[in-house]
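I have placed the structure first, in the form of structure tokens, so that the comments after it can refer back to it.
The values are calculated or read from the model by the stated rules, or taken from the named source; none is laboratory data. In this text the structure is predicted, and so the values were computed from the model without any measurement. Reconstructed Cβ throughout: ideal geometry from the backbone, glycine too, with neighbour counts over all protein chains shown. SASA here: full protein model, heavy atoms, side chains in, ligands and nucleic acids out. Shrake-Rupley method; radii C 1.70, N 1.55, O 1.52, S 1.80 Å.
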Amino acid sequence: MAEPIIHIENIHKSFGHIHALRGVSLDVEVGEVVVIFGPSGSGKSTLLRCINHLEVHESGLLVVHGIHLKGARDINAVRREVGMVFQSFNLFGHLTVMDNLTLAQWVVRKRPKAEARETALALLAKVGISEKADCYPSELSGGQQQRVAIARALAMNPSIMLFDEPTSALDPEMIKEVLDVMQTLAREGKTMVVVSHEMGFARAAASRCIFMDEGQIVEEGPPDRLFSAPEKERTRTFLSKVLQL
């Protein structure tokens, strides 16, 4: 069998006295869509940030796309393979949408400007906002800005996409347009790790769901099984509030 594209083994991470990750182990296979959910402070976002080396785990093993993150000589080699979409859109406000999508392609991927622009236009069409190429972020709705952020991450041709609660900063009517883009990526076989409480998306797109609490994985499984018949009492309690069972 092929090696998992993400291999996490017994990793720990603390912030002062807060033990954010307590021996988390997880494998993600190529083409999987893994949705992680849990209460605030459970370690979900910290785990995601460790995968992209935005946070450095203190112990344990973390291998992304065959590269061991601890002691990696070129951490940018990992980041070239991992696209990340945050809660806040993190777009460059002084640049147009087109420039937001092409800048990293020129600087990091060393693509010719014409090729970078062609890639950007194709991705803006993919996320449904071709007409916004020459706009500035301040001229876009929150949902449009998040779709630009997704397109910008995809422009680097990453092997893995990470989403850290990508709809949490959006008004309810804007959430669907972002989730629709994410479902398209899932159908296309993009490897995705998503921190989200959008259970409808999890049911429709996830290969596997993971419930975290207090820095640990409490339970995991296919969404249909996990949502309908969770085995752990802590999972049942949480889902009863989220799903209003």
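Numbers below:
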read-out: Some residue of segment 148-156 being of a type in the set (D, E, K, R) and in contact with a helix residue (DSSP H, G or I) (Cβ under 7 Å, 6 or more places away or on another chain); value: yes
read-out: Matching option when the condition is closer than 30 Å to Pro39 by Cα and at pLDDT below 95, among Pro112, Pro158; value: Pro158
read-out: Residue check, Val194 open to solvent by less than 20 Å² (accessible area, probe 1.4 Å), within 23 Å of Leu21 (Cβ to Cβ), in a strand (DSSP E or B) and in contact (Cβ under 8 Å) with a residue 40 or more places away in the chain; value: yes
read-out: Unique match (being surrounded by fewer than 16 Cβ atoms within 10 Å (Cβ to Cβ) and either touching a residue at least 24 places away in the same chain (Cβ under 8 Å) or hydrophobic (A, V, I, L, M, F, W, C) (or both)) among Ala186, Ala204, Ala151; value: Ala204
read-out: Odd one out for Thr235 among (1) touching an Asp or Glu at 6+ places or on another chain (Cβ under 6 Å); (2) within 22 Å of Glu29 (Cβ to Cβ); value: (2)
read-out: Filter result for the condition that a residue is touching a helix residue (DSSP H, G or I) at 6+ places or on another chain (Cβ under 6 Å), more than 19 Å from Arg208 (Cβ to Cβ) and either in a loop (DSSP other than H, G, I, E, B) or touching a residue at least 40 places away in the same chain (Cβ under 8 Å) (or both), over His12, His94, His53; value: His53
read-out: Criterion violated by Ile210 - all others in (1) surrounded by fewer than 16 Cβ atoms within 10 Å (Cβ to Cβ); (2) part of a strand (DSSP E or B) satisfied; value: (1)
read-out: Leading residue by the ranking (surrounded by the most Cβ atoms within 10 Å (Cβ to Cβ)) among those in segment 213-242 that are hydrophobic (A, V, I, L, M, F, W, C) and in a helix (DSSP H, G or I); value: Leu226
read-out: Residue check, Met174 more than 12 Å from Val85 (Cα to Cα) and touching a residue at least 60 places away in the same chain (Cβ under 8 Å); value: no
